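Only one structure is covered here, and it is reproduced in the block below.
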Amino acid sequence: MPEYLRTAIVTIHQLPSISETLWLRIIGKGNVQKQAIDELEALSPDNPFRKAALELLYNLQQNLQVTQNQDEEDRELLMRLAPLYQQDREQAIQEGEQRGLQTGIQQGERLVVENLLKVRFGEIDNELQAIIEPLLLLPPEEFTPLLLQLSREELIYRFC
């Protein structure tokens, strides 16, 4: 090929088994592909390369499922990747649930702080509003006694 085309021919089965060639080896065939999928499977679930590769492979899976003339290797690839997709999906669900739980806890703590301020000082004006975020940086077992014991001026002085 002429140099200006910047073209190269890659023989996938001759690539070294290193992380830089993993994606190419995954789209290879036979044992090369099987070994590459094993390597992908061995990556930690939070590895960014694993997540990106699984996303691309999921798109490939969708395209292969639409294709009527799948060969045996395509079906084997889909079967081999199915557990990885399931594992990735379950992890995403768990992360979402964890974030939802964490958000709920934070909203609950905010309500407790706001209610304690309202009960003690009537309404929450701008000065009291300004101390809510710094208060929420403390664990509940620390901010609750402060809200119950310190005066309005002491709270504002300490957290503003």
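The values are calculated or read from the model by the stated rules, or taken from the named source; none is laboratory data. Small disclaimer: the values here were computed from a predicted structure and weren't measured. Glycine gets a Cβ as well: all are built from the backbone with ideal geometry, and neighbour counts include every protein chain shown. What goes into the accessible areas is simple: the full protein's heavy atoms, side chains included, and nothing from ligands, DNA or RNA. Shrake-Rupley method; radii C 1.70, N 1.55, O 1.52, S 1.80 Å.
Applying D = kT/(6 pi eta Rh) to the range 1-77, where Rh is the Kirkwood radius over alpha-carbon pairs, T corresponds to 37 °C and eta to 0.692 mPa s, the Stokes-Einstein value obtained is 235 µm²/s.
Cross-link partners of Lys51 among lysines, defined as those whose alpha carbon lies under 28 angstrom from its own and excluding same-chain residues fewer than eight positions apart: Lys29, Lys34. What the Cβ-Cβ distance of Asn31 and Tyr4 gives, at R0 = 41 Å and to the nearest 0.05, is a FRET efficiency of 0.65.
Hey, which lysines would be in cross-link range of Lys118, C-alpha to C-alpha under 22 Å, not counting anything within fewer than 8 residues on its own chain? Once the sequence-local lysines are set aside, nothing remains near Lys118.
Magnitude of the charge dipole for the range 1-45, about its Cα centre and with charges confined to Cβ atoms of Lys, Arg (+1) and Asp, Glu (-1), is about 160 debye. Modelled spin labels at Lys118 and Asp38, positioned 7 Å past Cα toward Cβ, are 6.2 nm from each other. Simple point charges give the picture: +1 on the Cβ of Lys and Arg, -1 on the Cβ of Asp and Glu, and for the chain a dipole about the Cα centre of about 260 debye. Placing unit charges on the Cβ atoms of the charged side chains and taking the dipole of the chain about its Cα centre, the candidate lying farthest along the positive direction among Ser19, Thr67, Pro45 is Thr67.
Model label sites at Gln106 and Tyr157, defined 7 Å from Cα along the beta-carbon direction, differ in position by 3.1 nm.
To one decimal place, what orientation-averaged projected area in nm² is obtained for the convex hull of the Cα set of the range 41-160? Before the final figure, lay out the partial values.
On the way: hull surface 45.5 nm².
Averaging across all directions leaves 11.4 nm² for the Cα convex hull.
Note that the range 105-114 has calculated 3J(HN,Hα) couplings of 5, 5, 5, x, 5, 4, 4, 4, 4, 4 Hz, one per residue in order, obtained from phi through the Karplus relation 6.51 cos²θ - 1.76 cosθ + 1.60 (θ = phi - 60°); glycine and proline are x.
Shown in residue order for the range 54-61 are the 3J(HN,Hα) couplings computed by the Karplus curve 6.51 cos²θ - 1.76 cosθ + 1.60 at θ = phi - 60°: 5, 5, 5, 5, 5, 4, 4, 4 Hz (x for Gly and Pro).
Shown are Ile9, Ile124, Ile27, whose ranking by accessible area with a 1.4 Å probe and every protein chain present, most to least, is Ile9, Ile27, Ile124.
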